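*Asks:* Below is a structure I'd like to ask you about.
None of the figures in this text is laboratory data; all of them are computed from the coordinates on show. Please read these numbers as outputs of a predicted model, since none were measured by experiment. Here Cβ is always computed from backbone atoms with ideal geometry, including for glycine, and neighbour counts include all displayed protein chains.
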Amino acid sequence: MAENEQTKVCPHCAETIKAAAKVCPHCRYWQRKWSLFNPKLLAALSLVVLTAYFIGASFFMDKVFGPKEEFATYRNEIAVVHSQLSQRISTSGCDSNVNMYVTVVGTLTNHSDIAWKDVGVEAQFLDKSGRQFDAITVNADEYRGVTILPHGEAAFKIEGRPARPEADYSTYKVTVRWAKDVHQLF
């Protein structure tokens, strides 16, 4: 080394090296601990990132494949607080077809500690002797609807075209047919 160059002693091998050296030429010890190119720092950062990835992946896998609550166990915990029947006549735009619709709106309450999603509600219409003659049920494959939080309430609306005259739809009952645990992805 030249006499006018500043030098320092490597803390690892005790050899004299240039003061500006990033790596000791004798033992390959990295001179600056907090450099982004320091292999030890890169290894530590990689370890932290991989650990965070695996922790996140384990939480995701638990959400997807972990145990979920079955609705059948809690069927009596979701109740219809009140409901109301209405009928409306609709004319479609260009061809002037007249369509009648039966609509049931109401409120559900959840007495369980579980949050439920895609709650399916069915309205059953009864004749004067108490026999069911029609029903309006939401299609489970297409329905992404009501979510009820634990000990909460939610409104619902179901609508369909009647199969009988308007006057026959005065007596009905509403029941909850299905629901999914809110943590269930599929």
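*Asks:* Quick one: which of 145-153, 11-19 comes out on top by average Cβ neighbours within 10 Å, and what's the full order, highest first?
*Replies:* Descending mean neighbour count gives 145-153, 11-19.
*Asks:* Take the cross-link list Lys63/Lys157; Lys18/Lys40; Lys68/Lys128 and give me the ones stretching past 32 Å between alpha-carbons.
*Replies:* Lys68/Lys128
*Asks:* Can you give me the long-range amide H partners of Gly120? Hydrogens built in the peptide plane at 1.01 Å from N, cutoff under 5 Å, separation of 5 or more residues or another chain.
*Replies:* Those lying under 5 Å, H to H, from Gly120 are Arg177, Trp178, Ala179.
*Asks:* Can you pull a Stokes-Einstein diffusion coefficient for the chain at 25 °C (0.890 mPa s), Rh from Kirkwood over Cα pairs, as a whole number of µm²/s?
*Replies:* Roughly 107 µm²/s, to the nearest whole number.
*Asks:* Based solely on its DSSP helices, what 222 nm [θ] is calculated for the chain when runs of n ≥ 4 H residues each add -39,500 (n - 2.57) and the sum is averaged over all residues, nearest 500 deg cm²/dmol?
*Replies:* After summing the helix terms and dividing by the residues of the chain, the value is -5500 deg cm²/dmol.
*Asks:* At what distance in nm do the modelled label points of Ile89 and Ala14 sit from each other, each positioned 7 Å from its Cα along Cα→Cβ?
*Replies:* So the two model labels end up 10.6 nm from each other.
*Asks:* Right, next: Once you have the Cα-Cα distance between Asp127 and Ala44, take 0.36 nm times their residue separation minus that, and quote the gain in nm to one decimal.
*Replies:* 22.5 nm
*Asks:* Ok, one more. For Cα pairs less than 8 Å apart in space and 6+ apart in sequence, what is the mean separation divided by the residue count of the chain, i.e. the relative contact order in percent?
*Replies:* With pairs under 8 Å counted, the relative contact order is 20 percent.
*Asks:* Further question: Tell me the trypsin sites (Lys or Arg not before Pro) within the stretch 62-131 that lie in a loop according to DSSP and have at most 16 other beta-carbon atoms within 10 Å.
*Replies:* The qualifying sites are Lys68, Lys128, Arg131.
*Asks:* Using only the Cα atoms of the stretch 7-65, what do you get for the radius of gyration and for Dmax, in Å?
*Replies:* 18.7, 61
*Asks:* If I stretch the segment between Ser170 and Ser35 completely, what's the gain in nm (0.36 nm per residue apart, minus their alpha carbon distance), one decimal?
*Replies:* 40.7 nm is the gain from fully extending Ser170 to Ser35.
*Asks:* Next question. Rounded to the nearest 10 degrees, what's the angle between the helix 39-65 long axis and the longest principal axis of the chain, both from Cα atoms, 0 to 90?
*Replies:* 10
*Asks:* Moving on to the next point. When the Karplus curve 6.51 cos²θ - 1.76 cosθ + 1.60 is applied with θ = phi - 60°, which whole-Hz ³J(HN,Hα) does each residue of the stretch 158-175 get, with x for Gly and Pro?
*Replies:* Taking θ as phi minus 60°, the curve returns 10, 8, x, 8, x, 9, 10, x, 4, 5, 6, 9, 8, 10, 8, 9, 10, 10 Hz for the stretch 158-175.
*Asks:* Taking θ as phi - 60°, what are the ³J(HN,Hα) couplings along the stretch 8-25 by the Karplus curve (6.51, -1.76, 1.60), each to the nearest whole Hz, with x for Gly and Pro?
*Replies:* 8, 9, 5, x, 8, 10, 6, 7, 7, 9, 5, 5, 7, 5, 8, 10, 5, x
*Asks:* Convert 4 °C to kelvin, take the viscosity as 1.567 mPa s, use the Kirkwood radius over C-alpha pairs of the stretch 71-181 as Rh, and evaluate the Stokes-Einstein diffusion coefficient in µm²/s, rounded to a whole number.
*Replies:* In µm²/s, the coefficient rounds to 86.
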